[in-house]
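Take a look at the structure below.
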Amino acid sequence: MSATPAKHDVFQAIADPTRRRLLKLLSQHEMPVTAISEQFPISRTAVSKHLKVLAEAGLVTERKVGRETRYKLEAGPLFELKDWLQYFELYWENKLTALRRFVESDELENGQSTGLMNVIKPKEKSDT
C-alpha cells in the first residue's frame, strides 16, 4: 500500500501569515492550543483550523495530555522549502552582482556617486 499524500504541502501551509506566526511560536516549545490561542486576535476555532493545515502538511504534531491537545513544531518538512529556495539563491546573487556592475559602470562614466554601492557592495576591511 502507498502512503496517503498530505492534504496540504509545505508551500500551501506557510502561505498564510497566521500559520507562519504559529510555526515561529511553536519553534520555542510545545504548547497547548489554549495557550496558543491567547497569542492571536482570532478565535480558538480559527487557530485550530490553522493548526490542522500545519499538521496535514507535517509541520506540527499534536498529542493529547489529559484533556488538552499540545502542538509541537516538526521542522523536517521545512527542508523541502529550504532546498527549493536555495536553488534560486544563485539567480538572486547573479542579479545583485549584475546590478552592482551596472551601477559601478554608470558611476564611473558619469563621475558620480549615488551612494547605492554602499548598500549593494559590502564594505571592505581596512588594515588600520
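Considering only the range 26-45, state which residues are under 22 Å from Lys7 (Cβ atoms) and in contact with a strand residue (DSSP E or B) (Cβ under 9 Å, 6 or more places away or on another chain). Within the range 26-45, Leu26, Val33, Ile36 qualify.
Here Ser48 passes the criteria (1) hydroxyl-bearing (Ser, Thr, Tyr); (2) part of a helix (DSSP H, G or I); (3) farther than 18 Å from Lys7 by Cβ except the one numbered (3).
Yes or no, residue by residue, for (1) within 28 Å of the chain's Cα centre (by Cα); (2) modelled with pLDDT under 85:
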residue	(1), (2)
Tyr71	yes, no
Lys82	yes, no
Ser105	no, yes
Leu108	no, yes
Ser113	no, yes
Val119	yes, yes
Glu124	no, yes
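Filter the range 43-59 for residues that are of a type outside the set (A, V, I, L, M) and touching a residue at least 24 places away in the same chain (Cβ under 8 Å); which is surrounded by the fewest Cβ atoms within 10 Å (Cβ to Cβ)?
Filtering the range 43-59 down to residues of a type outside the set (A, V, I, L, M) leaves 43-45, 48-50, 52, 56, 58.
So of that shortlist, the ones also touching a residue at least 24 places away in the same chain (Cβ under 8 Å) come out as 50, 56, 58.
Numbers: His50: 21, Glu56: 15, Gly58: 17.
Among those that are of a type outside the set (A, V, I, L, M) and touching a residue at least 24 places away in the same chain (Cβ under 8 Å), it is Glu56.
Cβ-Cβ contacts under 7 Å between residues 6 or more apart (or on different chains), taken from a first residue in the range 82-98 that is more than 20 Å from Phe11 (Cβ to Cβ) to a second residue that is surrounded by 10 or more Cβ atoms within 10 Å (Cβ to Cβ), are listed as Leu96/Ile120.
The values are calculated or read from the model by the stated rules, or taken from the named source; none is laboratory data. Bear in mind that the values here come from a model prediction, so they are computed numbers and not experimental data. Note that we place each Cβ from the backbone using ideal geometry, even for glycine, and neighbour counts take in every protein chain shown.
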